[in-house]
Amino acid sequence: MKRRTGSLCAWLVAALCSLLFASTARAEGAGWCAPEVETLSDGICFYAPEQSAKLEHPTLVLFLHSLVAVKSDWQWEQQRELVKSADRHGFSLLMPRGRVGLGPRRAGDVWAWPTSPASQAEVEAELVAEWADARKTIEGRNGRRFERLLVFGASNGAYYVSTLALRNRLEAHGYGVFAGGSGGKYASVLGGRTTHRAPIFVGYGTKDPAWQDMASLAKTLRSLGWRHQVKAEPVGHLLTDAQLAAAVRFLSAQHPE
């Protein structure tokens, strides 16, 4: 996969390739988690850099992936990008898997997230419980709780994360949406009902075919008076290292040491 200086992740191109062609390089029987991260349970990956044990305020980032074909290993590329960010910033990283039957045309061969109210009613309670159990397992093993929870999502994961944030579904300390998320009337209604408003970071490319969705989210957040930061770059449907770093800085600053 071609990369620019600054290590841009070509989310759209790689995601489309993932959906159209199963990776021939993937070993038979390879799991959801990349080999260098821990498989906490089926469909739940975990990574903690060495410095995470020394943080005064332990932070857990929950990352929700983009659309991923069942027979692809595209999720490994996303996991590895987040691992690099975790190594730089010291946070621990929980990377769960979505569900089939939730993506475009309810396809049964694509891992996706519940972005509609109907699909959320079907699976969201199960997902949230799964994430909470994984967090509890890690905290029990570490002997201390995470003081901060940040929730990040890319592409399809970002659209879902934006609804989690606007509904305060997870009571997180902050949210980051990258190459995804949308505003508008429905988002305004959701956000208007929420009293606890965790800060939101919005990162997108101005050359993204769907850039207006993210711009609409930013506009909605401004109209709601919601704490947020936007970083738009002249790229396509990408998540960049610069956006990840900016998100961590912004959301950490909302909860100073």
Inset, instruction - Determine the pairs where a residue that is over 13 Å from ALA134 (Cβ atoms), located within the range 39-58, has a partner that is part of a loop (DSSP other than H, G, I, E, B) and among the acidic types (Asp, Glu) with Cβ atoms under 9 Å apart, the partner being 6 or more residues away or on another chain. - result: LEU55/GLU147; GLU56/GLU147; GLU56/GLU257; HIS57/GLU147; HIS57/GLU257; PRO58/GLU147
Legend entry - Checklist (1) over 19 Å from the mean Cα position of the chain (by Cα); (2) farther than 15 Å from LEU102 by Cα; (3) part of a helix (DSSP H, G or I) applied to ARG145, failing item: (3)
Legend entry - Candidate set from the range 217-245 (those that are polar (S, T, N, Q) and either under 23 Å from LEU60 (Cα atoms) or surrounded by fewer than 17 Cβ atoms within 10 Å (Cβ to Cβ) (or both)); member that is modelled with the lowest pLDDT: THR240
Legend entry - ARG145 in contact with a Gly (Cβ under 8 Å, 6 or more places away or on another chain), surrounded by fewer than 21 Cβ atoms within 10 Å (Cβ to Cβ) and under 20 Å from VAL248 (Cα atoms): no
Legend entry - the range 158-211, residues that are over 16 Å from the mean Cα position of the chain (by Cα) and on the phi > 0 side of the Ramachandran plot: GLY184
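Taking VAL248 as the residue in question, decide whether it is farther than 17 Å from ARG167 by Cα, in contact with a His (Cβ under 7 Å, 6 or more places away or on another chain) and buried (at least 19 other Cβ atoms within 10 Å of the Cβ).
When the stated conditions are applied, VAL248 passes them.
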Inset, instruction - Working only within the range 46-91, note down all residues that are over 15 Å from the mean Cα position of the chain (by Cα), closer than 23 Å to GLY103 by Cα and in a loop (DSSP other than H, G, I, E, B). - result: VAL70, LYS71, SER72, ASP73
Inset, instruction - Just give me the residues in the range 92-133 being part of a loop (DSSP other than H, G, I, E, B) and either in contact with a helix residue (DSSP H, G or I) (Cβ under 8 Å, 6 or more places away or on another chain) or of a type in the set (D, E, K, R) (or both), in sequence order. - result: ARG97, GLY98, LEU102, GLY103, ASP109, TRP113, PRO114, THR115
Inset, instruction - Report yes if THR39 is surrounded by fewer than 19 Cβ atoms within 10 Å (Cβ to Cβ), among the polar types (S, T, N, Q), at pLDDT below 95 and not in a helix (DSSP H, G or I), otherwise no. - result: no
Legend entry - Residues satisfying the stated conditions in the range 176-196, i.e. over 15 Å from GLN212 (Cβ atoms), free of Cβ contacts under 8 Å to residues at least 40 places away in the same chain and either hydroxyl-bearing (Ser, Thr, Tyr) or in contact with a helix residue (DSSP H, G or I) (Cβ under 7 Å, 6 or more places away or on another chain) (or both): TYR186, SER188, LEU190, GLY191, GLY192, THR194, THR195
Inset, instruction - Could you tell me which residue of the range 214-257 is farthest from the chain's Cα centre (by Cα), considering only residues that are basic (Lys, Arg) and closer than 13 Å to TYR175 by Cα? - result: ARG227
Legend entry - Lone qualifier among ALA22, ALA34 - being part of a loop (DSSP other than H, G, I, E, B) and modelled with pLDDT of 95 or more: ALA34
Legend entry - Residue check for ALA247: in contact with a Phe, Trp or Tyr (Cβ under 7 Å, 6 or more places away or on another chain) and not polar (S, T, N, Q): yes
Inset, instruction - Consider GLY184 carefully, then state whether it is modelled with pLDDT under 95 and over 22 Å from ALA125 (Cα atoms). - result: yes
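The values are calculated or read from the model by the stated rules, or taken from the named source; none is laboratory data. Fair warning: this is a prediction, and the values are worked out from it, not measured in the lab. So basically every Cβ, Gly included, is an ideal-geometry build from the backbone, and we count neighbours across all protein chains shown.
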